[in-house]
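For reference, the structure discussed in these notes is given below.
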């Protein structure tokens, strides 16, 4: 039983269904044995997308996603995705190949100090030294990834721990029958044999268990719930903000949605919480959040850090009672200390609070104020959507039309700047867990990896990647992966031949388009080269036809790329964040 078999058994024990990888000699036994164990192995075209896919699986299934990458450059290619998962608080397990234990630091292929590289970017990192350590180390890794504030963990897997002992002995020359020629040869052979014995000692006594490791995180108390209920009873203008930190148990998303509706507090949703209340909830609002926060007399942040997205707390009414519920002690007090801070899981806290059925004053006037504010913004967006733009489709018009054609099982993957920002104003995710964006890191390139994970978790869903023409280039080659693994997704690329979000303000401030110009490239042909379908469109009518064609092609297992030529707009002028 080699190390690959042992790792596969642990992954199976932990409920892992998918392993994302890009092949490499350092890690071959891991994905080979995982496939034999019934775990679906998905090989990507870039290691970063393997980790993005694992991240999406974590967010959507509640089971940490797993990626295995080869040593050296294979591992360094993952850093952006690993750091994105860290900041997005996504639990995932990254397995990295490494040079043989006896050769570390001696200049072997792709041998670098991987632990120094990974430790600053993950919750926990460990390097395996002996085969018998594989089981307890991986079990600990899964537990740590999910404990407290979730995040990525890294386990370094040296190549000599993964292959059969007999083969490793051959590699080392430890099985050689040639007698040592001199004292130096005898010392070397003794040392090599001793090292191999240490690596494989105890491998026959390895025990596997079906016990899931304990997952610990902070919990609210009954007195804290009562305190929240009392504040709700007094509030005339309460406001609730729910973010990704409130959906760390995706399997409880429907319970959370029911609880929020029961509480009846006006709510804004962000991150993984988008879509939580469906497309048309009467208590969910989408526009003028800053103005609402400045008018509210009770503000509850649930899984939402008070960071740049809230102008570091400047958006919050200074006279309001400010409540923050978060698993992270750092996020709980970031930039603005709450009047009431609950170090607890926001999801469980809101569900429990709704169970208390706290009485609330009549807030109908406050709700109507927010309804009127939203309606005014929607009217403005509707007028802007009717504008004819030079050289392409009005993106507001495109998304408003697309919104009417989305099925109830749609999952939207947001990967871009200006085009995706416009989508956030207009597209309405239809249900919980139907919107994925990178999170606080603002990472471009998550699109294809997130789509891989989403389609695997929900094979019957229609998965859509919303791509800017700039961001699409980071992972467009994964259309090869979609085709090879029969994972049909639809991509909509907003092609205005520019890094528009940057260019718009750069031109105004610096009077230069340097490094922001692209071309009206035929991105759909990339998909066609790999066996997918695609179409370039420049009118709304053609876009609608292409979207219908793409949806019909899903039944035949055909991925699709819509290359939508869009006009340049100033709708999101001044949207660069600091």
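None of the figures in this text is laboratory data; all of them are computed from the coordinates on show. Quantities reported herein were computed from a predicted structural model and do not represent experimental measurements. All Cβ positions, even for glycine, are placed from backbone atoms using ideal geometry, and neighbour counts span all protein chains on display.
By what distance, in whole Å, do the Cα atoms of segment 228-372 stretch along each of the three principal axes, largest value first?
36, 35, 28
To the nearest Å, what is the center-to-center distance of segment 13-41 and segment 190-205, using C-alpha atoms only?
Each part reduced to its Cα centre gives a spacing of 25 Å.
Of all beta bridges DSSP finds with both residues in the chain, what is the antiparallel percent, to the nearest 5? It would help to have the intermediate numbers written out before the result.
On the way: 1 of 67 bridges.
Taking every DSSP beta bridge with both residues in the chain, the antiparallel ones total about 0 percent.
Restricting to segment 386-565, compute how many DSSP beta bridges are antiparallel as a %, nearest 5.
Values: 1 of 25 bridges.
Restricted to segment 386-565, the bridges split so that about 5 percent are antiparallel.
Please report the relative contact order for the chain, taking Cα pairs under 8 Å with a sequence separation of at least 6, and give it as a percent rounded to a whole number.
Numbers: 1217 pairs, mean separation 72.2, N = 578.
Worked out over the chain, it gives 12 percent.
Using a basic spin-label model with each label point 7 Å from the Cα along Cα→Cβ, how many nm lie between residue 233 and residue 286?
The answer from the label model is 3.7 nm.
What whole-number value in cubic angstrom gives the convex hull volume per residue for the C-alpha atoms of segment 338-439?
Details: hull volume 18.8 nm³, N = 102.
It comes to 184 Å³ per residue, whole-number rounded.
Just rank 560, 20, 458, fewest to most, by other beta-carbon atoms within 10 angstrom. List each step's numbers first, then the result.
Details: 560 26, 20 32, 458 16.
With the fewest neighbours first, 560, 20, 458 line up as 458, 560, 20.
How much length is gained on full extension from residue 372 to residue 333, taking 0.36 nm per residue of separation minus their Cα-Cα distance?
On the way: separation 39, 0.36 × 39 = 14.04 nm, distance 3.27 nm.
10.8 nm is the gain from fully extending residue 372 to residue 333.
Kindly express, to the nearest 10 degrees and within the range 0 to 90, the angle between helix 540-553's C-alpha long axis and the longest C-alpha principal axis of the chain.
Helix 540-553 and the main axis of the chain meet at about 40 degrees.
Considering Cα pairs under 8 angstrom that are at least six residues apart, work out the relative contact order of segment 311-455 and quote it in whole percent.
Working: 112 pairs, mean separation 19.7, N = 145.
The value is 14 percent.
Which value in nm describes the separation of the simple spin-label points at residue 249 and residue 477, placed 7 Å from the Cα toward the beta carbon?
4.1 nm
For segment 1-90, restrict the atom set to alpha-carbon positions and state the Rg and Dmax in Å.
Expressed in Å, the Cα Rg and Dmax of segment 1-90 come to 12.4, 37.
Which percent of Cα pairs goes in each bin when the distances of segment 248-323 are cut into 10 angstrom slices starting at zero?
P(r) over segment 248-323, rounded to whole percents: 17, 51, 30, 2.
In vacuum, with every alpha carbon of the chain counted as one equal point scatterer, what does the Debye formula give for log10 I(q)/I(0) at q = 0.11 Å⁻¹? Two decimals, please.
-1.04
For 441, 52, 31, what ranking results if the residue with the fewest other Cβ atoms within 10 Å of its Cβ goes first?
Working: 441 15, 52 39, 31 24.
Ascending Cβ contact count within 10 Å gives the list 441, 31, 52.
Fully extended, how many nm does the chain gain between residue 116 and residue 294 (0.36 nm per residue separation, minus their Cα-Cα distance)? Walk me through the numbers before you get to the answer.
Details: separation 178, 0.36 × 178 = 64.08 nm, distance 4.47 nm.
Length gained, residue 116 through residue 294: 59.6 nm.
If you take the alpha carbon radius of gyration of segment 386-565 and divide it by 2.2 N^0.38 Å, what ratio comes out, to two decimals? Before the final figure, lay out each step's value.
Details: Rg = 15.4 Å, N = 180, 2.2 N^0.38 = 15.8 Å.
Expressed relative to 2.2 N^0.38 Å, the Cα Rg reads 0.97.
Using just the helices of the chain, give the 222 nm mean residue ellipticity in deg cm²/dmol: DSSP H runs with n ≥ 4 each add -39,500 (n - 2.57), and the total is spread over all residues, rounded to 500.
On the way: 23 runs with 234 residues, N = 578.
Computed ellipticity for the chain at 222 nm equals -12000 deg cm²/dmol.
Tell me the relative contact order for segment 53-132 as a rounded percent, counting alpha carbon contacts under 8 Å between residues six or more apart. Write down the numbers at each step before the final one.
On the way: 89 pairs, mean separation 23.9, N = 80.
It rounds to 30 percent for segment 53-132.
Measure of size requested: the Rg and Dmax of segment 3-205, with Cα atoms as the atom set and Å as the unit; please supply both.
17.4, 61
Going by average Cβ neighbours within 10 Å, how do the peptides 253-266, 373-386, 90-103 rank, with the highest at the top? Numbers along the way, then the final one.
Working: 253-266: 19.1, 373-386: 13.8, 90-103: 25.0.
Descending packing order for the listed peptides: 90-103, 253-266, 373-386.
Out of the DSSP beta bridges found with both residues in segment 228-372, what percent are antiparallel (nearest 5)? Please report the intermediate quantities before stating the final value.
Values: 0 of 18 bridges.
For segment 228-372, the DSSP antiparallel bridge percentage is about 0.
Can you give me the Cα centroid spacing of segment 221-252 and segment 317-396 in angstrom?
Using only Cα atoms, the two centres lie 12 Å from each other.
How large is log10 of I(q)/I(0) for segment 86-139 at q = 0.21 Å⁻¹ when the intensity is taken from the Debye formula with one equal scatterer per alpha-carbon?
Values returned for q = 0.21 Å⁻¹ are -0.92.
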